[in-house]
Amino acid sequence: MNQPNEVVVPAREGRGVYVDEGQMLDIVDLEGRQVGDLIAWFRNDPSEYLSPTHTVSCNASIALGTGSQVFSNRRNPVFTIVRDDVERHDIIVPCCDHERFERDYGLDDHGHCLGNLEQGRDLLGEDFDLAGEMAWNVFMHNRVTDEGGVVTDPAAHEAGATITLRAHEDLVVLLSSCPQDLTPCNDFNPTAMLMRVRDEQPEGRDS
Ligand SMILES: [Zn+2]
């Protein structure tokens with residue numbers, strides 16, 4: 001696809017990229033301690049999309065790290081994680097949305113990931129109905145306690161932390177730099193992220 005190799009996702013905003021089957025997508029946290037909410041769907045059939053709950057089922061685990069696969073709503077692999085500097089992610093809660101801030105904080109005008117993802121979709125000129133439960137919360141340090149509680153730990157990763165995903169299909173991928181500044185999710189300071197789309201290079205060769 002004709003697009004820049006690198007797309008900055010500004011703090012509190014969303015952007016999108018096209019990724020071809022076999023290409024690599026690097027997601028880089030530019031300043032550290034930032035979470036990115038990711039939605040992806042198949043270009044040749046938008047009724048198939050990345051599904052966090054199917055990923056939990058296919059992997060029989062809520063953990064993701066290097067070597068893990070992320071699956072679609074039809075249980076086909078969407079991504080293989082080939083590098084993961086953080087290995088802390090959330091795939092059990094939806095992305096933040098208008099209702100999250102209105103209901104839990106009484107805020108009617110706070111930015112949210114679902115709106116950011118819609119922004120990224122619209123900037124691409126794509127037409128796809130987004131839902132919060134489609135989002136994979138990349139680098140989000142959520143943890144399930146022995147009692148079943150879900151705790152958001154402060155994100156602990158540093159600037160430059162990267163996850164690299166190999167695409168199994170031709171995809172549209174959206175990423176939100178999560179604007180949550182009322183929990184430790186983004187260390188109370190939302191910052192920018194980067195998406196880089198590239199062809200796989202043999203190890204040790206300069207690109
Ligand atoms: Zn968010």
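Summary table
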| read-out | value |
| --- | --- |
| Quarter of Cα convex hull surface for region 69-182, i.e. mean projection, nm² | 8.8 nm² |
| Separation between Cα centres of region 141-175 and region 26-97, rounded to whole Å | 8 Å |
| Helix-derived mean residue ellipticity, 222 nm - over the chain, DSSP H n ≥ 4, -39500 (n - 2.57), to 500 | -4000 deg cm²/dmol |
| Region 1-64 shape via C-alpha gyration tensor axes, a/c threshold 1.5 | oblate |
| Segment Glu126-Gln201, length gained on full extension (0.36 nm per residue, minus Cα span) | 24.1 nm |
| Cβ-based net charge around Val78, under 15 Å, with every Lys or Arg adding one and every Asp or Glu removing one | -2 |
| Kirkwood hydrodynamic radius (C-alpha pairs) into Stokes-Einstein, the chain, 10 °C and 1.306 mPa s, D in µm²/s | 94 µm²/s |
| Summed side-chain charge close to Gly22 - residues other than Gly22 whose Cβ falls under 14 Å, Lys, Arg +1, Asp, Glu -1 | -3 |
| Packing rank of 166-175, 145-154, 77-86, 43-52, where each peptide gets the mean count of other beta carbons within 10 Å, highest leading | 166-175, 77-86, 43-52, 145-154 |
| Cut-off 11 Å between beta-carbons: net charge of the residues surrounding Ser177, Lys and Arg +1, Asp and Glu -1 | -2 |
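We did not get these values from a lab; they are worked out from the coordinates using the rules stated. In this text the structure is predicted, and so the values were computed from the model without any measurement. Ideal geometry is used to build each Cβ from the backbone, glycine not excepted, and the neighbour counts take in all protein chains shown.
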